[in-house]
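Q: Could you have a look at this structure, given as structure tokens, before my questions?
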Amino acid sequence: MIDDIRRFWQRNQDNEPYKEYEIFLLRNLPNVGIGLFNRAGFYPDFILWVKHRKRKAVRVCFLEPHGLHHGGISGNMDRFAALGQLKALSKNKAFRDKNLILDGFMLTRTDLSEIVDARGRSQEELEQQYPLLWQEGEYIRNILKIDKGLRD
């Protein structure tokens, strides 16, 4: 994931719409950094800051590269819920007034056939239902959301 972000940014940082932005990727330390809590807490491995230079809009995206072959969908429901609650905070007036967007994703390379509880759903269906992205293709573009003005 780190190399994917680096390569994507090196290829695109001087082109529209990316040239108006800066990005910063931070390692989030377990039990010390920023934890997200639903019923149980977890500390996503990375925090990506995406900042618009002129508008001062900031998008903070928590990223958890995590395979789904062990816990599947059901074993990660608390993580999905915590990331969903984080995203919901961005709709709060105080966040909108500050031009601050919170977001997050579980990232996976797990083959769909190895996710026991995918129940015949496609990758696209799972990505629409959960804060989940497969680490393939142009997934970095989906994390950055710059093409969409930092919004969904």
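Only the coordinates and a few stated rules stand behind these numbers; no lab work does. Predicted, not measured: the structure shown is a model, and the values here were computed from it. Every residue, glycine among them, receives a Cβ derived from its backbone with ideal geometry; neighbour counts consider all protein chains shown.
Q: Anything in region 95-130 that is touching an Asp or Glu at 6+ places or on another chain (Cβ under 8 Å) and either within 26 Å of GLU22 (Cα to Cα) or polar (S, T, N, Q) (or both)? List them, or say none.
A: GLY104, PHE105, MET106, LEU107
Q: Identify all residues within region 52-83 that are under 11 Å from the mean Cα position of the chain (by Cα), over 19 Å from GLN13 (Cβ atoms) and charged (D, E, K, R); write none if there are none.
A: Listed by number, the list holds a single entry, GLU64.
Q: For region 5-32, name all the residues that are surrounded by 15 or more Cβ atoms within 10 Å (Cβ to Cβ), in contact (Cβ under 8 Å) with a residue 12 or more places away in the chain and either in contact with a Gly (Cβ under 7 Å, 6 or more places away or on another chain) or not hydroxyl-bearing (Ser, Thr, Tyr) (or both).
A: ILE5, PHE8, TRP9, ILE23, LEU25, ASN28
Q: How many residues are surrounded by 23 or more Cβ atoms within 10 Å (Cβ to Cβ) and in a loop (DSSP other than H, G, I, E, B) when one looks only at region 55-69?
A: So the answer is 1.
Q: Restricting to region 48-98, name every residue that is over 13 Å from TYR130 (Cβ atoms) and of a type in the set (Lys, Arg).
A: LYS51, ARG53, LYS54, ARG55, LYS56, ARG59, LYS91, LYS93, ARG96, LYS98
Q: Among the numbered conditions (1) under 13 Å from the mean Cα position of the chain (by Cα); (2) closer than 19 Å to LEU144 by Cβ; (3) in a helix (DSSP H, G or I), tell me where ASP3 comes up short.
A: Status for ASP3: all satisfied but (1).
Quick grid of which residues meet (1) in contact with a Lys or Arg (Cβ under 9 Å, 6 or more places away or on another chain); (2) aliphatic (A, V, I, L, M):
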| position | (1), (2) |
| --- | --- |
| ARG39 | no, no |
| PRO44 | yes, no |
| HIS52 | yes, no |
| ALA57 | yes, yes |
| GLU64 | yes, no |
| LEU83 | no, yes |
| ASN92 | no, no |
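Q: Do we find that LYS93 is without any contact (Cβ under 8 Å) to a residue 24 or more places away in the chain and either basic (Lys, Arg) or buried (at least 17 other Cβ atoms within 10 Å of the Cβ) (or both) in this structure?
A: Yes.
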